[in-house]
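Below: one structure, written as structure tokens.
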Ligand code: HEM
């Protein structure tokens, strides 16, 4: 029996919560546990994001198979990513509250804007919203997905500078750039 289209939403929520609980259980001090929870919730959300970012490009490059199913259910993969990243928001909020490190408001603005776009996309992920917004729907979702890509790429790129986080920084940045490369290749294939 085929799985219902909505299942990626549940998957996103479950892996986000599992990453949060794993982080909390892996440290002695609560503040360290919440930091790990913030780190790991972002990490498990990244593959979900890449799937949404690449869904249409994968079908253009290699039509058929599982890629078509992912594209059909892309809306729910997007909502799954939003659910998972909401757990990241919760974990980082608790971490920032417990930690003694203060962050200037300006440093939080790029991330806050990413969340504003993410929730605007989630709130307009229905057919009715698509019809109502017309061309603005495409503009919003295109801006949102590229901005989220940028924040992920920058978050991993800055980790390359620190020797302790270099490995995840290199892997995350390489995956983000490879994903961009696939989108460009898919666009060229259509234009050719
Ligand atoms: C104001 C909003 C945000 C704040 C304050 C924030 C804070 C944090 C914190 C505290 C961590 C754990 C740091 C560590 O590794 O010790 C983290 C990790 C991370 N966050 Fe966020 N975050 C925000 C929004 C976002 C957004 C919108 C994205 C992506 C679109 C993102 C992507 C990441 C990534 C990629 C990691 C590292 C995961 C890894 O190590 O694999 N964050 N963030």
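Can you confirm whether residue 33 is closer than 16 Å to residue 91 by Cα, part of a helix (DSSP H, G or I), under 21 Å from the mean Cα position of the chain (by Cα) and modelled with pLDDT of 95 or more? It is false that residue 33 is closer than 16 Å to residue 91 by Cα, part of a helix (DSSP H, G or I), under 21 Å from the mean Cα position of the chain (by Cα) and modelled with pLDDT of 95 or more. Pairs meeting the criteria (first residue in segment 52-76 and on the phi < 0 side of the Ramachandran plot, second residue modelled with pLDDT under 95 and part of a loop (DSSP other than H, G, I, E, B), beta carbons under 6 Å, at least 6 apart or on different chains) are 73/5; 76/5; 76/6.
Kindly establish whether residue 95 is under 13 Å from residue 42 (Cα atoms) and near the ligand (Cβ under 10 Å from one of its atoms). Step through it out loud before you land on a result.
Numbers: under 13 Å from residue 42 (Cα atoms): no; near the ligand (Cβ under 10 Å from one of its atoms): yes.
When the stated conditions are applied, residue 95 does not pass them.
Based on what the data block shows, is residue 40 within 18 Å of residue 175 (Cα to Cα) and either more than 13 Å from the ligand (Cβ to nearest atom) or under 16 Å from the mean Cα position of the chain (by Cα) (or both)? Yes: the conditions hold for residue 40.
Check whether at least one residue in segment 67-76 is assigned to a loop (DSSP other than H, G, I, E, B) and either closer than 24 Å to residue 11 by Cβ or under 14 Å from the mean Cα position of the chain (by Cα) (or both), and report yes or no.
Here is the first cut: in segment 67-76, the residues assigned to a loop (DSSP other than H, G, I, E, B) are 73.
This time we only want the ones that are either closer than 24 Å to residue 11 by Cβ or under 14 Å from the mean Cα position of the chain (by Cα) (or both), so: 73.
Looking through segment 67-76, at least one residue is assigned to a loop (DSSP other than H, G, I, E, B) and either closer than 24 Å to residue 11 by Cβ or under 14 Å from the mean Cα position of the chain (by Cα) (or both).
So that you can scan it fast, the table gives a plain yes or no per residue for (1) away from the ligand (no atom under 14 Å from the Cβ); (2) surrounded by fewer than 19 Cβ atoms within 10 Å (Cβ to Cβ):
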{"site": "6", "(1), (2)": "yes, yes"}
{"site": "11", "(1), (2)": "yes, yes"}
{"site": "25", "(1), (2)": "yes, yes"}
{"site": "36", "(1), (2)": "no, no"}
{"site": "52", "(1), (2)": "no, no"}
{"site": "76", "(1), (2)": "yes, no"}
{"site": "91", "(1), (2)": "no, no"}
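Inside segment 160-192, residues that are near the ligand (Cβ under 10 Å from one of its atoms), more than 19 Å from residue 50 (Cα to Cα) and in contact with a helix residue (DSSP H, G or I) (Cβ under 7 Å, 6 or more places away or on another chain) make up a count of 1. Residue 148: in contact (Cβ under 8 Å) with a residue 60 or more places away in the chain, within 24 Å of residue 61 (Cα to Cα) and out of contact with any strand residue (DSSP E or B) (no Cβ under 8 Å at 6 or more places or on another chain), yes or no? Answer is yes for this residue.
The values are calculated or read from the model by the stated rules, or taken from the named source; none is laboratory data. Please read these numbers as outputs of a predicted model, since none were measured by experiment. In this analysis, Cβ positions are derived from the backbone assuming ideal geometry, glycine residues included, and neighbour counts consider all displayed protein chains.
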